Structure formats: C-alpha cells, structure tokens
Protein chains: 2
Amino acid sequence: MAAHGMYRRRDTRRELLVAEITAELRRYCVDAQHVGHAFAGQHGLNATDLQALIAVMDAELHGDPITPGRLGEHLDLASGSVTALIDRLERAGHLRRDRDPTDRRKVLLRYADRGAELAMGFFRPLGERTDRVMTDFSDEELEVVYRFMTAMGVSLREHRDEVRSARAEPSRRRVD
Amino acid sequence: MAAHGMYRRRDTRRELLVAEITAELRRYCVDAQHVGHAFAGQHGLNATDLQALIAVMDAELHGDPITPGRLGEHLDLASGSVTALIDRLERAGHLRRDRDPTDRRKVLLRYADRGAELAMGFFRPLGERTDRVMTDFSDEELEVVYRFMTAMGVSLREHRDEVRSARAEPSRRRVD
DNA sequence: GCGAAACTCTCGATCGTCTAGATATTCTGG
DNA sequence: CCAGAATATCTAGACGATCGAGAGTTTCGC
C-alpha cells in the first residue's frame, strides 16, 4: 500500500504536506504489519497469534486481564477461532487460562514467561529505534505530534464505527 | 494491540509524550486494519484482496503497473497465493491481467472499473476525515508532523529489513 | 428456584496460504 | 542460432486458520 494521498491536489506546499503525511502514515501501518509477520514467523506463530499475545499482555499490565470474548472483538475474530487461537498459544506456553473467581463463566487470559519474553523481544528493539528518532524533536514538537496522532486516532475510530454499522444496508451490491 | 509505550518510564512530561505517541501510532495501525477488514468484508472480499487492489491502483497511477511477482513481495505472499488472489479479483471484475509486450513472461495488473470504484469508496471518506483533522494544524505544525512520520517510517523499514535478514540464525530457539 | 442471558467451547466445513514442481519466455555464451 | 541458465507465472495437493451453528456452564432477574 502507499496511495490515498494520490487522489488529491498537491499544488500548494500545504496540500503536498497533507498528501505526504497521509501516505507516510499508510506506509507505516503496512510496514508495521510486515515486521509483525516476519517476527512472528521466526518464532513459530502467525501474525494473529502475535497480536493476541500483545493484547493479553497489554490488558494484564493495565491491571484487568482480557477474556476470550473481548480478545475476539479486539482481533475481529469469531468465538470458535478465538478458542483455537488460545489453544495454540497455551500449548506453546505463551499464556494460560484462569477462571475469573467473581464470574465463573469467564476465562481470564494471563501471559506466561515465554509470552513475556517474546513480546519483549518484539518491542525492545522497536522502542530503542523510536527513542532514537524522537531525540531529534523538541518537547514542543512532540506535543504537536501527540496532538496530531490523537486527533487522527479519534477520527479513524469514528470512521471504523461508521463503516461497521453500515452492515445493515449494503446498498446496491452486485454479486454476479 | 496497543502497548509498547507501556514498558517505559513515564516520569517526565517528555517520557509521557514519547510513550503516548508510540501507543497512539500502534493503535492507529490496528484500527486501520480493522477498517480495511470491515470494508472489505462488506464488499465480498478479504483484507488481503483489498490491499492488493490498492497496490495495483497505486502502481498504475504511478505510471508503472505492478506484476504478480512484485505484488507478492509487497503483500508478503508466496507465488501460488498471488495467483489465487489475482484469480479471485479478476473473477470479481476488480482487475485484469495484461501481458507485458516487452517481456512476455511478465503479467501486468490493471484495475478495472469495479476495482477503481471500490478503492475510491474506501479512500474518499477517509480522506475527508483526514482533511478535517489537518485543518486544526498550521503549516509549520504539519511540517513537524511530516518530518516525524518520515523519520519513523525510515526507522521502521530499517528495522523490518533487520528482522527479515535475521532468518538465517534464529539463535537459541526451543521447539519442544 | 426457573427461565433468560452471557460466556466459552466443540465440531464440521470452507477458504486462503504454502511448498514443490511444471510451463513459458528471455537472456547469455559459444 | 542453439543449448542451458535464469526469470516469471501458474498448477496441484496439503495444511491450517477462520467461520458458523449449536452445545454446555454459569450467572442474573423475577
């Protein structure tokens, strides 16, 4: 991927900037996927597994462990697929299932040592690179970047919800 | 996904900023995937198909149409998978195969009307949102954001190449 | 307590992806 | 030119991740 800033006017400096930022952001997302894909493959799992592992760690580090149901929502996965996914990761020793003591219908996912090791191996080099990039920016500049990323994120999630709720009326769809 | 800024110190304002920007960027990539997934699903194709369609359009709009081989590299896909992918998209009327007249081993991929329509339907609303977000930023601020995204992109691609070339020596890997 | 709701898991089917190898075209050197 | 190597795509069979429907538990409201 790389376009989308391509279907725009680029006459003024500002229009060029808008187009280039959009394109760079898009490229970044694609390349990030590739990094995940490659890293996961080298450790005997697939991209979804890695994403899941990270989600489990995130949740636990935040203080409230994730359940299979919420993990499925997070990954856009059906319940049966989530079970298979967790089975894989549990079998590989990356995480384990715990029953929620307060609501015993639920299962809480906790990362195990191998999972933590893997996630660290993924993030540490990335974090080091990120830190190095950011040394070229002043505090004020990082404030701008932060404001930008936050606004873009909010906008994108609004859009996501819009797209998802459009499922009801697919308008004029030809199936042929 | 969402962490990675989580394994950091967040004592000073600057450290907080670094962590938050990193986290937002990561969230953005995940949410972007979800938008693609949802949009693709509503139009009878999967995320890979949509990515491929976009890559084909990008290439053709840049003036040099992509080949199955290069598309496979771009999507991290084996040659057999690419053939199946192109078959799907061609059957659905989203693109077509053209033989390269100068090298008849090659196939050039061109988007068809339905493909263009689809890609536009994907990008237009996104672009409108992006434009709206950017109106809150001055030209100088956008310069900063652009510089940041470019630097992050370069760093990430370096990292990607590093990860990919690490295939040779997986060091101490337990397979159990 | 009983029925409805919430959450996870099971099972069979489908579809995307991989690997290995076949086919077609181009390039190189003699 | 012709043979062999290199490049590019496609074919075929197998595998595995995902889906969908439904079963099995546990919890909540009345």
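Below are the figures for this structure:
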quantity	calculated
Members of segment A:48-64 that are at pLDDT below 95 and surrounded by fewer than 20 Cβ atoms within 10 Å (Cβ to Cβ)	A:GLU60, A:LEU61, A:HIS62, A:GLY63, A:ASP64
Subset of segment B:25-41 (residues that are open to solvent by 20 Å² or more (accessible area, probe 1.4 Å), charged (D, E, K, R) and touching a helix residue (DSSP H, G or I) at 6+ places or on another chain (Cβ under 7 Å))	B:ARG27
Residue satisfying condition, being open to solvent by 20 Å² or more (accessible area, probe 1.4 Å), more than 8 Å from DNA strand C (Cβ to nearest atom) and more than 18 Å from A:ASN46 (Cα to Cα), within set A:ARG110, A:ARG97, A:ARG105	A:ARG110
Test for B:ARG129: is it open to solvent by 20 Å² or more (accessible area, probe 1.4 Å) and more than 7 Å from every other protein chain (Cβ to nearest Cβ)	no
Which numbered condition A:MET120 misses (of (1) at pLDDT 95 or above; (2) within 14 Å of another protein chain (Cβ to nearest Cβ))	(1)
Which numbered condition A:GLY44 fails, given (1) assigned to a helix (DSSP H, G or I); (2) surrounded by fewer than 22 Cβ atoms within 10 Å (Cβ to Cβ)	(1)
Qualifying position, being among the small types (Gly, Ala, Ser), within 13 Å of DNA strand D (Cβ to nearest atom) and within 30 Å of B:LEU142 (Cβ to Cβ), among A:GLY72, A:GLY44, A:GLY80, A:GLY36	A:GLY36
Residue in segment B:108-116 that is facing chain A (nearest Cβ under 7 Å) and at negative phi present	no
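The values are calculated or read from the model by the stated rules, or taken from the named source; none is laboratory data. Fair warning: this is a prediction, and the values are worked out from it, not measured in the lab. Note that each Cβ is placed from the backbone with ideal geometry, even for glycine, and that neighbours are counted across all protein chains shown. Quick note on the areas: whole protein, heavy atoms, side chains included, nothing else; ligands and nucleic acids left out. Shrake-Rupley method; radii C 1.70, N 1.55, O 1.52, S 1.80 Å.
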